[in-house]
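The structure follows.
The values are calculated or read from the model by the stated rules, or taken from the named source; none is laboratory data. Since this is a predicted model, take the numbers as computed values, not measurements. Cβ sites come from the backbone with ideal geometry, for glycine too, and all protein chains shown count toward neighbours. Just so you know, the surface numbers come from the protein's heavy atoms only, side chains and all, with ligands and any DNA or RNA stripped out. Shrake-Rupley method; radii C 1.70, N 1.55, O 1.52, S 1.80 Å.
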Amino acid sequence: MKPILIFTLCLIFTSFVTEKNGNNLELNESIRLNQVGFYPDQIKAAVILSETPIDRFFIWDKKKGKIVFEGLVSKSETKTLSGKTAWKVDFSGFSEQGVFEIGIPDFGKSHPFKIDDLVYSELGKASLKAFYFQRASVDIPEEYAGIWARKGGHPDNLVNIHPSAASQSRPEGMTLSSAKGWYDAGDYNKYIVNSGITVGTLLSLYENYPRYFAELNLTIPESQNSIPDILDEVLWNLDWMLTMQDPADGGVYHKLTTTKFEGMVEPHLAVNQRYFVQKSTAATLDFAAVMAQAYRIYKPFTPENAEVYLKAAKKAWKWASENPELYYRQNEMNETFDPDVVTGAYGDQNLSDEWIWAASELYISTHNIEYWNILEAANQDYQLPSWAQVKWMGFYSLLRNENSLTQIPQEWLSMLKINLISAANSYHQAGQVQPYLSPMGANPKDFIWGSNAVASNQGILLLEAFKLSGKAEYLQSAKGNLDYILGRNATGFSYVTGFGNKTPMYPHHRLATSRPELPPLPGFMVGGPNPSQQDKCDYPSDVPDESFTDLACSYASNEIAINWSAPFAYLVNAIQAIETSGK
Ligand code: G3I
Ligand code: 9MR
């Protein structure tokens with residue numbers, strides 16, 4: 001053989017080996033995948049954005065330093081919202097445990113990911129530990145918080161009655177204590193409506209998977225007591241919520257807040273006067289729902305407290321029945337009362353769903369026919385839960401407890417199930433033809449403020465459908481939305497702080513921004529893409545699913561919030577509970 005031919009053959013051989021060696025490929029962020037990872041036996045897929053064809057992929061085992069799987073890439077039939085061509089990498093056939101990368105010759109490699117039996121174990125815990133970090137009125141010591149230890153803020157022992165909240169027994173300017181609770185979000189205020197859906201979501205998570213939570217240790221100060229840690233954490237907020245009810249009449253204040261948002265300072269330095277602001281029907285009904293549910297959940301652990309919750313719930317229901325239309329309208333309120341309050345409004349103007357949620361929880365906990373009478377007439381259409389839409393919080397609870405609800409006609413429950421399954425079908429089917437391979441992303445209208453919570457709540461619906469029907473396709477689609485949240489999406493971010501290779505580093509979160517020397521607090525899911533861009537920060541794109549920016553100014557896409565953390569914690573922990581059979 002001529003030397004030149006040998007030389008050429010050698011070159012071809014070396015380049016082939018080089019291309020097919022994970023160590024020689026650069027990270028290419030156009031490969032989008034769940035950056036945390038997968039269970040060994042689940043459907044495992046990544047998406048590649050590329051205008052030039054891609055043929056083959058391999059899986060590179062980082063520890064062994066070798067290729068462990070190879071496969072063909074297929075082209076997606078649909079383009080992304082921004083018109084990009086997507087390619088599907090399916091490695092479901094590979095089920096070894098370890099740490100891997102996807103490699104594409106001449107293109108690059110992916111972020112690393114795990115395949116593991118307990119792949120979401122740490123993430124599940126962190127998503128709940130996030131609530132501990134949000135605790136108001138208490139020091140967060142190193143023993144539980146590591147490098148994120150901090151001084152407590154907001155003792156909330158001297159909260160003023162705002163003129164909008166004044167009553168005969170509690171006149172304007174009166175000072176009362178209203179300690180504990182979780183900070184709502186990136187801000188330090190405490191809002192009952194948002195606390196309501198948050199606590200309801202976490203209690204429902206527990207009510208569905210009690211065996212899993214019997215064991216789950218969150219390393220919080222109460223971890224040694226006999227109550228499951230998730231319930232101990234929720235208690236921190238329930239204790240606060242109880243203080244928001246006026247014992248004189250049962251009405252519940254809409255929020256506890258400063259008049260304006262505090263600056264980006266640490267909690268103990270955010271010391272402006274806080275107020276109880278106006279009672280509202282929405283807050284009172286959400287409070288009634290949560291307290292009624294808490295009654296039956298805490299009864300086996302703390303029976304005396306449980307009675308307090310039920311009493312509070314009934315009293316709230318009575319007040320709401322006597323004051324059915326006290327909406328929270330912040331601008332109108334500011335025309336009448338001083339000082340003006342311009343913090344989060346949570347101003348829901350349609351309360352038909354709040355009545356249904358409260359009636360459902362009260363009915364399950366008391367079996368009193370008075371509450372069923374309200375439900376009987378309810379519209380059973382499916383609505384995805386959010387802070388302003390809580391109807392299905394109640395309906396999920398009814399289905400979860402249906403065995404004890406013998407007074408409800410079977411046809412009524414059947415209709416509820418049909419509606420739930422048909423909504424789950426629509427999401428599941430939409431996900432089948434979506435380039436990112438998940439229900440989230442199929443409908444551009446899903447990209448609202450807090451869109452990642454939309455993805456999480458879709459996941460919860462799919463898990464409910466899985467529970468009702470036993471059909472694995474719903475569980476797969478729920479996992480698809482988790483894949484979406486953790487990186488298989490249009491921006492390539494894993495939207496959960498501290499989990500994944502490319503995660504938000506500058507969330508709109510006062511606890512984080514006020515201490516720039518630390519990495520962001522871990523386990524928080526940020527709001528996600530939102531093309532309305534109300535914060536007017538710099539965004540890289542206007543396309544709905546790309547409209548996200550990792551800047552601290554971006555409260556409309558990069559803030560964290562308890563009502564987003566709760567459905568995310570639900571999704572990841574429920575999947576982990578199902579996979580480890582701790583139902
Ligand atoms: O639902 C509509 C949708 O139909 C429409 O297509 C879309 C177009 O923009 O808007 C959607 O409504 C948006 C709604 O969020 C969705 O939930 C509103 O425009 C938007 O203004 C509204 O934003 C709320 C935001 O406060 C401003 O009020 C968020 O839901 C809510 O999560 C957020 O909550 C804040 C608190 O006020 C203060 N604390 C932080 C917290 C998180 O950002
Ligand atoms: O920090 C606030 C955040 O929690 C809210 O979601 C957001 C919208 O209500 O408002 C943020 O506060 C900003 C305020 O609205 C405008 N001035 C700047 C504030 C901090 O960035």
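Return only the number of the condition from (1) over 16 Å from Phe131 (Cβ atoms); (2) of a type outside the set (D, E, K, R); (3) within 16 Å of ligand 1 (Cβ to nearest atom) that Val159 does not satisfy.
Going through the list (1) over 16 Å from Phe131 (Cβ atoms); (2) of a type outside the set (D, E, K, R); (3) within 16 Å of ligand 1 (Cβ to nearest atom), Val159 breaks only (3).
Just to check your reading of the model, which residue among Ala283, Ala316 is in contact with a strand residue (DSSP E or B) (Cβ under 9 Å, 6 or more places away or on another chain), more than 16 Å from ligand 1 (Cβ to nearest atom), in contact (Cβ under 8 Å) with a residue 40 or more places away in the chain and under 18 Å from Gly181 (Cβ atoms)? Show your work before the answer.
On the way: Ala283 fails: more than 16 Å from ligand 1 (Cβ to nearest atom).
Exactly one residue qualifies, and that residue is Ala316.
List the helices (runs of 4 or more DSSP H) inside segment 321-399, counting only whole elements, that have at least 1 residues being open to solvent by 50 Å² or more (accessible area, probe 1.4 Å) and either touching a Cys at 6+ places or on another chain (Cβ under 8 Å) or within 16 Å of ligand 2 (Cβ to nearest atom) (or both). Lay out the reasoning, then the answer.
Values: elements: 330-336, 352-366, 369-376.
Hits in segment 321-399: 330-336.
Which number in (1) within 16 Å of ligand 1 (Cβ to nearest atom); (2) part of a loop (DSSP other than H, G, I, E, B) marks the one condition that Pro435 misses?
Condition not satisfied by Pro435: (1).
Quick test for you: out of Ala86, Ala136, pick the one residue that is buried (at least 19 other Cβ atoms within 10 Å of the Cβ), outside the structural domain of Gln35 (by TED's automatic domain parsing) and among the small types (Gly, Ala, Ser).
Values: Ala86 fails: outside the structural domain of Gln35 (by TED's automatic domain parsing).
On inspection, the qualifying residue turns out to be Ala136.
Now, a different point. Within segment 525-549, restricting attention to residues that are open to solvent by 10 Å² or more (accessible area, probe 1.4 Å) and small (Gly, Ala, Ser), which residue is farthest from ligand 1 (Cβ to nearest atom)?
My answer is Ser541.
Could you tell me whether any residue of segment 293-301 is over 23 Å from the mean Cα position of the chain (by Cα), free of Cβ contacts under 8 Å to residues at least 12 places away in the same chain and away from ligand 2 (no atom under 16 Å from the Cβ)?
Among the residues of segment 293-301, at least one is over 23 Å from the mean Cα position of the chain (by Cα), free of Cβ contacts under 8 Å to residues at least 12 places away in the same chain and away from ligand 2 (no atom under 16 Å from the Cβ), which makes the answer yes.
If you don't mind, there's one more thing I want to ask. Within segment 483-490, identify whether any single residue is in contact with a helix residue (DSSP H, G or I) (Cβ under 8 Å, 6 or more places away or on another chain), of a type in the set (Asp, Glu) and in the same structural domain as Ser204 (by TED's automatic domain parsing), and answer yes or no.
The answer is no, given that none of the residues of segment 483-490 is in contact with a helix residue (DSSP H, G or I) (Cβ under 8 Å, 6 or more places away or on another chain), of a type in the set (Asp, Glu) and in the same structural domain as Ser204 (by TED's automatic domain parsing).
Gln293 - would you say it is outside any helix (DSSP H, G or I) and either away from ligand 1 (no atom under 16 Å from the Cβ) or out of contact with any Leu (no Cβ under 9 Å at 6 or more places or on another chain) (or both)?
Working: outside any helix (DSSP H, G or I): no; either away from ligand 1 (no atom under 16 Å from the Cβ) or out of contact with any Leu (no Cβ under 9 Å at 6 or more places or on another chain) (or both): yes.
Answer is no for this residue.
Please verify whether Leu420 is crowded, with 17+ Cβ neighbours inside 10 Å and touching a helix residue (DSSP H, G or I) at 6+ places or on another chain (Cβ under 8 Å), treating the condition exactly as stated.
On the way: crowded, with 17+ Cβ neighbours inside 10 Å: yes; touching a helix residue (DSSP H, G or I) at 6+ places or on another chain (Cβ under 8 Å): yes.
Yes: the conditions hold for Leu420.
Still on this structure, I have one more. Can you go through Ala512, Ala552 and tell me which one is within 16 Å of ligand 1 (Cβ to nearest atom) and in contact with a His (Cβ under 6 Å, 6 or more places away or on another chain)? Please lay out each step first, then the result.
On the way: Ala512 fails: in contact with a His (Cβ under 6 Å, 6 or more places away or on another chain).
None of the other options fit; the residue is Ala552.
Scan segment 506-539 for residues that are basic (Lys, Arg) and away from ligand 2 (no atom under 12 Å from the Cβ) and jot them down.
The initial filter retains those residues of segment 506-539 that are basic (Lys, Arg), namely 510, 515, 536.
Residue satisfying the conditions is Arg515 alone.
Here's a check for you: in segment 571-581, which residue that is of a type outside the set (A, V, I, L, M, F, W, C) and open to solvent by 10 Å² or more (accessible area, probe 1.4 Å) is farthest from ligand 1 (Cβ to nearest atom)?
First, the residues of segment 571-581 that are of a type outside the set (A, V, I, L, M, F, W, C): 573, 576, 579-581.
Of the ones still in play, those that are also open to solvent by 10 Å² or more (accessible area, probe 1.4 Å) are 579-581.
On the way: Glu579: 30, Thr580: 32, Ser581: 35 Å.
Filtering segment 571-581 for residues that are of a type outside the set (A, V, I, L, M, F, W, C) and open to solvent by 10 Å² or more (accessible area, probe 1.4 Å), the one farthest from ligand 1 (Cβ to nearest atom) comes out as Ser581.
Listed here are the residues, each with its yes/no results for (1) within 16 Å of ligand 1 (Cβ to nearest atom); (2) open to solvent by less than 30 Å² (accessible area, probe 1.4 Å); (3) modelled with pLDDT of 95 or more; (4) of a type outside the set (Ser, Thr, Tyr).
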| position | (1), (2), (3), (4) |
| --- | --- |
| Ser169 | no, no, yes, no |
| Gly173 | no, no, no, yes |
| Lys180 | no, no, yes, yes |
| Thr198 | yes, yes, yes, no |
| Tyr209 | no, yes, yes, no |
| Tyr212 | no, yes, yes, no |
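Of all the residues that make up segment 219-252, how many are over 21 Å from Pro300 (Cβ atoms) and in a loop (DSSP other than H, G, I, E, B)? So that I can check it myself, show each step before the final result.
Our first condition is that a residue be over 21 Å from Pro300 (Cβ atoms); within segment 219-252, this holds for 219, 221, 240, 243-252.
From what is left, the residues that are in a loop (DSSP other than H, G, I, E, B) are 219, 221, 244, 246-251.
Of the residues in that region, 9 qualify.
Does segment 558-570 include one or more residues that are among the charged types (D, E, K, R) and within 16 Å of ligand 1 (Cβ to nearest atom)?
Step one: of segment 558-570, the residues among the charged types (D, E, K, R) are 559.
Then drop every residue that is not within 16 Å of ligand 1 (Cβ to nearest atom), which leaves 559.
Among the residues of segment 558-570, at least one is among the charged types (D, E, K, R) and within 16 Å of ligand 1 (Cβ to nearest atom), which makes the answer yes.
With respect to Arg150, is the statement that it is under 21 Å from Glu262 (Cα atoms), modelled with pLDDT of 95 or more and surrounded by 14 or more Cβ atoms within 10 Å (Cβ to Cβ) true?
Values: under 21 Å from Glu262 (Cα atoms): yes; modelled with pLDDT of 95 or more: yes; surrounded by 14 or more Cβ atoms within 10 Å (Cβ to Cβ): yes.
Criteria met by Arg150.
Restricting the first residue to segment 168-197 and requiring it to be closer than 29 Å to Tyr506 by Cβ, which pairs with a second residue that is assigned to a strand (DSSP E or B) and among the polar types (S, T, N, Q) meet a Cβ separation below 8 Å and a spacing of at least six or different chains?
Taking only residues 6 or more apart or on different chains, the pairs are Asn189/Thr257; Lys190/Thr257; Tyr191/Thr257; Ile197/Ser386.
Looking at (1) under 23 Å from Glu402 (Cβ atoms); (2) basic (Lys, Arg); (3) buried (at least 24 other Cβ atoms within 10 Å of the Cβ), which is the only condition Lys479 fails?
All conditions are met except number (1).
Given (1) crowded, with 17+ Cβ neighbours inside 10 Å; (2) under 30 Å from Ser547 (Cβ atoms), identify the lone condition not met by Lys125.
Result: Lys125 passes all but (2).
Here's something else I'd like to know. Looking only at segment 44-66, filter to residues that are closer than 19 Å to Ser494 by Cβ and touching a Lys or Arg at 6+ places or on another chain (Cβ under 9 Å); which one of those is surrounded by the most Cβ atoms within 10 Å (Cβ to Cβ)?
In this case the residue turns out to be Val47.
With (1) surrounded by fewer than 23 Cβ atoms within 10 Å (Cβ to Cβ); (2) out of contact with any helix residue (DSSP H, G or I) (no Cβ under 7 Å at 6 or more places or on another chain); (3) not assigned by TED's automatic domain parsing to the domain that holds Tyr132 as the list, and His509 as the residue in question, which single condition is left unmet?
Of the numbered conditions (1) surrounded by fewer than 23 Cβ atoms within 10 Å (Cβ to Cβ); (2) out of contact with any helix residue (DSSP H, G or I) (no Cβ under 7 Å at 6 or more places or on another chain); (3) not assigned by TED's automatic domain parsing to the domain that holds Tyr132, the odd one out for His509 is (1).
Select from segment 273-307 the residues that are open to solvent by 10 Å² or more (accessible area, probe 1.4 Å) and of a type in the set (Ser, Thr, Tyr) and list them in ascending order.
Tyr275, Tyr295, Thr302, listed by residue number.
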